[in-house]
Amino acid sequence: ILQQCGSMTVNTKLSLAGQENTCDANGSVYSVGEWYFLDSDHCTQCECTTEGHYPTDCCPRCEKIGCEYRREVYELGQKFQPSECEQCTCDSNGISRCLVADCAPLPCVNPVYTNGKCCPECPEGPNCYVDLTRSQVIPGGESVWVDSCTKCRCHDSGDAGYWEGNRLATCARVHNCTPEEASQKN
């Protein structure tokens, strides 16, 4: 007797003695009571059963025993952390449910990632770039002379634009100043 059972074709054979059925699955023959895993889903364990109370049911009895996530198998109900930024649970339906951390914008242009931590940090504190060349970084919250005629200041947490990703300083240049004049005055 050949029947389609979900996505698997199961062939139930009645033995000569008339007492034993077998199930063909995964290209192998299994005896009644024998357990096996589906080739197509390593998290589904099946048992070859007799027709029992359901004469039309020749399908093996299958149940989820875990979840597969990134080629790792986890037990039902197991909580796991595949990376610093993910918290996952293997649900009873065999599906992995994961929450991924969303890191807040940082007040610096040179964040550092640390092993074991999900989100980067600013070990040098808040800072920004002086200009679009991104060649010079200055600390946040204070005015800094970047040359003898130009004074710049980073946005800080009290300024509008701080959380919107403004990573350039606001700079003011002294009128009619040339670096030579400024160096002669000092």
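The values are calculated or read from the model by the stated rules, or taken from the named source; none is laboratory data. Every value quoted in this text rests on a predicted model; they were computed, and no experiment measured them. In this analysis, Cβ positions are derived from the backbone assuming ideal geometry, glycine residues included, and neighbour counts consider all displayed protein chains.
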Is it fair to say Pro126 is out of contact with any Gly (no Cβ under 6 Å at 6 or more places or on another chain) and without any contact (Cβ under 8 Å) to a residue 60 or more places away in the chain? no
Answer yes or no as to whether Cys98 is modelled with pLDDT of 80 or more, assigned to a strand (DSSP E or B) and more than 30 Å from Pro139 (Cβ to Cβ). yes
Across segment 120-158, which residue is modelled with the lowest pLDDT among those that are touching a Lys or Arg at 6+ places or on another chain (Cβ under 9 Å) and part of a loop (DSSP other than H, G, I, E, B)? His155
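Condition check ((1) among the acidic types (Asp, Glu); (2) out of contact with any helix residue (DSSP H, G or I) (no Cβ under 8 Å at 6 or more places or on another chain); (3) exposed (fewer than 13 other Cβ atoms within 10 Å of the Cβ); (4) modelled with pLDDT of 90 or more) across all residues:
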position: Lys64; (1), (2), (3), (4): no, yes, no, no
position: Lys79; (1), (2), (3), (4): no, yes, yes, yes
position: Gln87; (1), (2), (3), (4): no, yes, no, yes
position: Ala104; (1), (2), (3), (4): no, yes, yes, no
position: Pro107; (1), (2), (3), (4): no, yes, no, no
Residue pairs, Cβ under 6 Å, 6 or more apart or interchain, first in segment 21-37 and in contact (Cβ under 8 Å) with a residue 60 or more places away in the chain and on the phi > 0 side of the Ramachandran plot, second of a type in the set (Val, Ile, Thr) and surrounded by fewer than 18 Cβ atoms within 10 Å (Cβ to Cβ). List them. none
